[in-house]
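One structure below.
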Number of protein chains: 2
Amino acid sequence: MLHDRLGYLLKHVQLSLTEQTGAVLAPLDVTGRELAVLTVLGGPEALAQQQAAAKLGVDRTTMVDLVDALQGKQLVERRPDPADRRRNLVHLTERGRQVLVEGSRVHARAEREFLAALDEDEIRQLKSLLQRVLKE
Amino acid sequence: MLHDRLGYLLKHVQLSLTEQTGAVLAPLDVTGRELAVLTVLGGPEALAQQQAAAKLGVDRTTMVDLVDALQGKQLVERRPDPADRRRNLVHLTERGRQVLVEGSRVHARAEREFLAALDEDEIRQLKSLLQRVLKE
DNA sequence: TATTGTTATACTCTATAACTATA
DNA sequence: TATAGTTATAGAGTATAACAATA
């Protein structure tokens, strides 16, 4: 049976989630993907592109396009690292901060709505199981 | 935190799973995707392309390419439906049946290995939670 | 008119290889 | 030589629009 297959379940749950969170983020003019990038870049220290790429699990060439898009929306700025001028430290702009805060809020709300069939304890359980699988 | 986000977890668990099952299916010259198509098409009744597409949750134009690929490997055959000649009923060949049986076996084994961090009960739990979310 | 399969086309996500500027 | 970022390019996977054959 197809619905027994983990791959099928993961794919379609993810598709559905992406659709639902994408809808609530659209008014902020960011995708779920871009919000994830802002989340990584919004930490206490500015990161170089490849550091951010590693955290996201994407290629450095993919990172270039992601930063391009965010910079085009004036949510981040590239600034050469004075200590190593090959590197771009990516800083969030004021607007980037605002979008990160508001986006995180509506994203979290959409995720809870998406998981409405589960209670709080089951949601924790689901995430915990997935985390354990991911760690090998 | 990024690892708390369901989207991140789903995506990376799926990527990792695809990689692992893809590796064991490679000797059979099918992808996990193609095996899923064979699974749907391998039921008791031959299906038209759009019926199969609906079960897989893909577009009918995508289905054309999927069937093309499987037909190129001589795992399926298109036969016009005598009752409605607009339709192609897609039949598994003898070789398609063999690949389906053997592929299902190695795929299931790879999936269990992938989930080695969980016991049988937790695997059931994980799938059950995902199924409930998918049903809305 | 409507539907099945098809083709052409395009868009997203991803990665590989080659380039540049720095180290 | 080696590394960070970039560009060009290509490959999956997906979908929309238009078409042919059939209903």
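The values are calculated or read from the model by the stated rules, or taken from the named source; none is laboratory data. Keep in mind that this is a model prediction, so the values were computed, not measured. For neighbour counting, all protein chains shown are included, and Cβ atoms are generated from backbone atoms with ideal geometry for every residue, glycine included.
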Would you check if there is a residue in the range B:63-79 being touching a Phe, Trp or Tyr at 6+ places or on another chain (Cβ under 9 Å) and under 30 Å from A:L130 (Cα atoms)?
-> no
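Listed here are the residues, each with its yes/no results for (1) of a type in the set (G, A, S); (2) within 22 Å of B:D4 (Cα to Cα); (3) within 13 Å of DNA strand C (Cβ to nearest atom); (4) at pLDDT below 95.
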{"position": "A:L35", "(1), (2), (3), (4)": "no, yes, yes, no"}
{"position": "A:T39", "(1), (2), (3), (4)": "no, yes, no, no"}
{"position": "A:A46", "(1), (2), (3), (4)": "yes, yes, no, no"}
{"position": "A:Q50", "(1), (2), (3), (4)": "no, yes, yes, no"}
{"position": "A:L92", "(1), (2), (3), (4)": "no, yes, no, no"}
{"position": "A:G96", "(1), (2), (3), (4)": "yes, yes, no, no"}
Looking for whichever is surrounded by 12 or more Cβ atoms within 10 Å (Cβ to Cβ), within 16 Å of DNA strand C (Cβ to nearest atom) and either free of Cβ contacts under 8 Å to residues at least 24 places away in the same chain or within 12 Å of another protein chain (Cβ to nearest Cβ) (or both) here; the options are B:E77, B:E111. Which one fits?
-> B:E77
Output the residues belonging to the range B:80-92 that are under 16 Å from B:G42 (Cα atoms) and either touching a residue at least 60 places away in the same chain (Cβ under 8 Å) or not hydrophobic (A, V, I, L, M, F, W, C) (or both).
-> B:N88, B:H91
Would you point out which residue out of A:D29, A:D68 is out of contact with any Leu (no Cβ under 8 Å at 6 or more places or on another chain) and in contact (Cβ under 8 Å) with a residue 24 or more places away in the chain?
-> A:D29
Out of all the residues in the range A:63-82, is one or more of a type in the set (K, R) and touching a strand residue (DSSP E or B) at 6+ places or on another chain (Cβ under 7 Å)?
-> yes
Unmet criterion (only one of (1) more than 13 Å from chain B (Cβ to nearest Cβ); (2) touching a helix residue (DSSP H, G or I) at 6+ places or on another chain (Cβ under 9 Å)) for A:T31 = (1)
If you take the residues of the range B:80-115 that are part of a helix (DSSP H, G or I) and of a type in the set (A, V, I, L, M, F, W, C), which of them is farthest from A:L130 (Cα to Cα)?
-> B:V99
Which one is surrounded by the most Cβ atoms within 10 Å (Cβ to Cβ), of the residues in the range B:1-32 that are more than 21 Å from A:G42 (Cα to Cα), within 13 Å of DNA strand C (Cβ to nearest atom) and of a type in the set (S, T, Y)?
-> B:T18
Residue pairs within 7 Å by beta carbon, gap of at least six or interchain, first lying in the range A:38-64 and away from every other protein chain (no Cβ under 14 Å) and more than 8 Å from DNA strand D (Cβ to nearest atom), second of a type in the set (V, I, T) and not in a loop (DSSP other than H, G, I, E, B), listed first then second, are A:A46/A:V90
Name the residue, out of A:V30, A:V64, that is aliphatic (A, V, I, L, M), more than 15 Å from B:L6 (Cβ to Cβ) and within 14 Å of the chain's Cα centre (by Cα).
-> A:V30
Mind listing whichever residues of the range A:1-28 are acidic (D, E) and touching a helix residue (DSSP H, G or I) at 6+ places or on another chain (Cβ under 9 Å)?
-> A:D4
When you go through (1) away from DNA strand C (no atom under 16 Å from the Cβ); (2) outside any loop (DSSP other than H, G, I, E, B) one by one for B:L118, which number turns out not to apply?
-> (2)
